Structures are given as C-alpha cells and as structure tokens.
1. Mind scanning K80/K145; K110/K181; K145/K213; K145/K203 and naming the pairs with a C-alpha gap bigger than 32 Å?
2. In nm, to one decimal, how far is the N182 label point from the A107 one, both placed 7 Å along Cα→Cβ?
3. If Lys and Arg each add +1 and Asp and Glu each add -1, what is the summed charge of the other residues whose beta carbon sits under 14 Å from the beta carbon of K169?
4. Using Cβ contacts closer than 10 Å as the measure, can you line up C70, C50 from fewest to most?
5. Under 1.5 on a/c is rounded, so check that first for region 83-225, then, if it is not, pick prolate when a/b is larger than b/c and oblate when it is not; a ≥ b ≥ c are the square roots of the alpha carbon gyration tensor eigenvalues.
6. Please give the length that would be gained between L46 and T175 if that part of the chain were fully extended, namely 0.36 nm times their separation in residues minus their C-alpha to C-alpha distance (nm, one decimal).
7. Ranked from highest to lowest mean number of other Cβ atoms within 10 Å per residue, what is the order of the peptides 126-136, 75-85, 213-223?
8. Whole Å is fine, so just give me how far the alpha carbon centre of region 186-226 lies from that of region 54-89.
Amino acid sequence: MWWNRLSIFVFALCPGKELQKRQKMRMTWKDHEHQLLPKCMQSHCLASICEVGAGTAGSVLAARLAEKECVTVLLLEAGKSPPKVTDIPTAARNFIQSDIDWNYNTAPQKLTGAGLVNRSVAWPSGKTVGGCSVINAMLNLRGNKKNYDDWAAGGASGWSYDEVLPYFKKLEDNTDEEYVKNGYHGTGGPVTVSKPQYDPELKAAVLEAAEEKGYHIGDINGPDAT
C-alpha cells in the first residue's frame, strides 16, 4: 500500500508540459490503483512531505508517514533499484565498490590502513533503494550502548540507550523467541530480524574456538553486547 503511494507521487513537483505528461502517466496508474487509494490522494499532484534517502530507515519512515490519511510522500533515492541477486546475503560482497555503492573512503587513519594508499579505508555505503541493507550481507547491528549513553551525557537529551531501546524494539519483528524473551527485542514491527537458516560446519567450529578463548557467544544486540 505505502509503496503504491510513493510510486504514484514520485511524479510530483514537475513544471509545465512535463507535469502534464507525467500526470497523464499517473492517471494510467491511478485507474489501475484507484481502489487502493482514497479520493483525496487520487487528485493531489503535490507531495506534502519530501524525504531524501530510500535506505532501511528512510523506507520505514516513509511508510510510517504514508499511513496517515491523505499524506503524500515523495521519497527520493540517488541510486537505482537493486539487482535481484542482492537478495542473497552472501552475494553482498560482489556489489561493494560497484554502481550501487557510494564508494566512500575514510580520512587517513592513524591506527589502521597501514597497507593502503594514504591509510584511507574503503567505507561501503549503499547507493540504491534499500541503502546499506542491500550490501551489508543482511547483518543487523545496533550501535554500542556506550555510544548512546555518551551522547546523552554530552547533552543529547532523550538519546541514552535505555531511552532509544523502545524504538529499536518497535522497529523489529524478531522471529527468535529466545532473543525476544531477554527484553531487548520486539515483534510486529516493519523490519523482520531472524537468525540465519543455514549453519555450515565451519561456522560451528569458529564459534567453538572463540568460546574456548573466552569470548561470549550470544545476542549481538542483547544485554551483553559490547
């Protein structure tokens, strides 16, 4: 539903003949979609909200805004739609430094990047609908608890980890019952989070070796995350 709204109103804010041309295209879409849209949305040609960036956060925010009756959202994304093969998590590495990556590099580093030109490290960032979620192998990792608490201590009121945790939980539709029980995860949200369905033998061996060295194996977004 929300994507239909966004698609239709991507033609907003176009002047003159271009507007007439695109309105004609839009009318074709409207005839097909009109049962899904309230009348007030069928007649509007201007977006009430313009949002830049169709990554994970941007898409969820646009969907949330579009839930309100007669609010139209123009969601802009610099990149193209991602190739279908990006749905395969292990294929993500093939799209780093491609045309769906912004191909950023860090400033020269002091403690890393010794073998790189100017000690500048590649910083992949998705330039596509879906943003970084398209090229990050479907990893879901929140910021470190200390970062949020440091922000709050520095004057960012409302940004301590305990204060933002309810919103992390609201965002999630976590399918792992054990993780949900620890109080750090939610269900019913717009972003599904689950464990990998395929566990190769090598993975088990690596985790076992890590445990032998004293590393804690568990929920990377849970109470013991470091």
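1. K80/K145; K110/K181
2. Distance between the two pseudo-spin positions: 3.4 nm.
3. It works out to a net charge of -3.
4. Least to most surrounded, the residues fall as C70, C50.
5. rounded
6. 42.6 nm
7. My ranking of the peptides, most packed first, is 126-136, 75-85, 213-223.
8. 28
No value in this document is a laboratory result; all are computed from the given coordinates. This structure is a prediction, so every number in the text was calculated from the model and none was measured. Here the Cβ is made from the backbone with ideal geometry for all residues, glycine too, and neighbour counts use every protein chain on show.
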